[in-house]
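Inspection log for the structure reproduced underneath, given as structure tokens.
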Amino acid sequence: MSRRAREKAAAPAPQTAARCTVTVCRGCCCGTPKIPRLDHAAQLAGLRTALAGTANVRPVTCLDACEHGNVIVVQPSAEGRKAGGRPVWLGLVNDLEATADITAWIEAGGPGLAETPAVLDLYAFQPSRRVRAELEDR
């Protein structure tokens, strides 16, 4: 067993597990000038402000889905997962209106608890199994 796995197994469950987790890619393509016309800092700050007390928002270095930049992954709350919700990968989230649609969905409950708005179908994609597994390990 690796040190990381031992630490993860020994660590108590975080109190915030009952909330959705919103993972925002800020790697080599997402969150950089490679995607123009979007204030990346404002996008992240807006998510944090709008979802304070509702969801955990965490930026990560890279989700390895650069062709879909900007990538946001919405992981269900514990209750949402029990109801069948699974992580939803959203790509090309390059305008604040899309961010607002994501925020409204999460505020309504997110994966498993609230129906995904049809407009978010335009952004949804399935990453490779390897990429999905790496996110589960974080």
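Only one entry of T61, T16 meets the criterion of being at pLDDT 80 or above, of a type in the set (S, T, N, Q) and surrounded by fewer than 17 Cβ atoms within 10 Å (Cβ to Cβ), and that entry is T61. For segment 108-116, the condition holds for no residue, the condition being that it is surrounded by 15 or more Cβ atoms within 10 Å (Cβ to Cβ), β-branched (V, I, T) and closer than 12 Å to T23 by Cβ. One residue alone among V119, V88 is under 19 Å from C20 (Cβ atoms), modelled with pLDDT of 90 or more, aliphatic (A, V, I, L, M) and in contact with a Pro (Cβ under 8 Å, 6 or more places away or on another chain), and that residue is V88. Taken over segment 45-62, residues that are under 18 Å from G110 (Cβ atoms), small (G, A, S) and outside any strand (DSSP E or B) amount to 4. Residue-level check: of (1) modelled with pLDDT of 95 or more; (2) in contact with a helix residue (DSSP H, G or I) (Cβ under 9 Å, 6 or more places away or on another chain); (3) among the polar types (S, T, N, Q), T21 misses just (2).
Could you tell me how many of the residues in segment 24-44 are part of a helix (DSSP H, G or I) and in contact with a helix residue (DSSP H, G or I) (Cβ under 8 Å, 6 or more places away or on another chain)?
Looking only at that region, the number is 2.
Filter segment 84-133 for residues that are of a type in the set (S, T, Y) and assigned to a loop (DSSP other than H, G, I, E, B); which is nearest to R26 (Cα to Cα)? So, considering only residues that are of a type in the set (S, T, Y) and assigned to a loop (DSSP other than H, G, I, E, B), the one nearest to R26 (Cα to Cα) is Y123.
The values are calculated or read from the model by the stated rules, or taken from the named source; none is laboratory data. The structure presented is a predicted model; accordingly, all values stated were derived computationally and were not measured. Using ideal geometry, Cβ is built from the backbone for each residue, glycine included, and neighbour counts are taken over all protein chains shown.
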